[in-house]
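Reviewing the structure listed below.
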Amino acid sequence: MSTSRLFVAASCAALLCLALAPVAWSDGETATEEKPKVEKPKAVELDAKLPAVTMKDTDGKALDLHDCGITQKDAEGVVMAAAKKFGAPDGAKAETNIADLSGVKDEDGALDADKVKDLACAAGSYFGLTATEDTVERFKTLGDLTKWIAKANDAPILLVTWSPNCPSVKRANDRIVEVASKIDVRIFAIASNTRDTDEHYAKYKDAFEFNVRVFPDREQKVTDILGGKTTPHFFLLDKDAVLRYRGAMDNDPMGYMDDEEREDYIVAAVAAIRAGKDVETKDTKPSG
């Protein structure tokens, strides 16, 4: 690997380490602040259930990983709320055609696939669902969106340690969204770098169209429980909050491989979980 690639690969791992050096500057001198040592929680083992974990996203809304099911009423509620923002007519129902919403059309009145994607993401993101222009082709009515969300009640949950300033995260952004959308996993970002701010998160989500709920973890409490080492680092949970996979998204950290060369670790793990089988590859080295 070239020197430049080694630098990029190391930079994300360094993000988690930089904030751990408590250095202050005073009158041109460097001083180390004495802080009481806090013992890190032991990382959960593979095929073990996570301890009780509740996180709050950038809007202050909580997520309990032991109790994050989706009811039909929940799904209907988020779909209708999103549809209203996209110009749904009064009295919209499950059978209302998405094409009838004024907010999903372009200037010529034709259906805009990108705006339909935005509608789907607005409805699904609270529950960890994201979409691309390709995957929303199956959505014709508001009822289709509701079924998509309600069906995810038992879907595996993918957690990713994340930083808006990490080169590896930026490089993998489109692939992360594509994979999560394609296999209908529920994905949430754990913002584990202590130096990142809410403003950083917002700018990144706008620039990269990252339609994923972000949960600040600047003290790295959740990151330590998961065993996070770098950004990005992926953790796949089944519906019972059992950790079934930990590691990289695939074997292609630089994004150079053709589809037939790439080993999609997360895709394979999700397929095994859905089939009621053991995950064959449970642990890989994160690529951040």
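Taking Lys and Arg as +1 and Asp and Glu as -1, the other residues whose beta-carbon sits under 10 Å from that of residue 70 total +1.
With the simple spin-label model, which puts each label point 7 Å out from Cα in the Cβ direction, the residue 207 to residue 281 separation comes to 3.1 nm.
Working from Cα pairs under 8 Å separated by at least six residues, relative contact order for the chain is 22 percent. Taking segment 55-86 and a reference point 7 angstrom along Cα→Cβ of residue 154, the backbone N atoms nearer than 17 Å belong to 67-72. A Förster distance of 22 Å, applied to the separation of the beta-carbon atoms of residue 110 and residue 81, puts the FRET efficiency at 0.30. Pairs with C-alpha atoms separated by more than 25 Å, drawn from the list 239/277; 56/205; 49/170; 170/239; 49/147; 170/229, are 49/170; 170/239; 49/147. With each label modelled as a point 7 angstrom along the Cα→C-beta vector, the residue 268-residue 138 pair spans 2.4 nm. For the chain, the Kirkwood hydrodynamic radius comes to 20.3 Å, computed from all pairs of different C-alpha atoms.
Coordinate-derived values only; no laboratory data. Note that this is a predicted model, so its numbers are computed, not measured. Methodologically, a virtual Cβ is constructed for each residue, glycine included, from the backbone with ideal geometry; neighbour enumeration extends over all protein chains shown.
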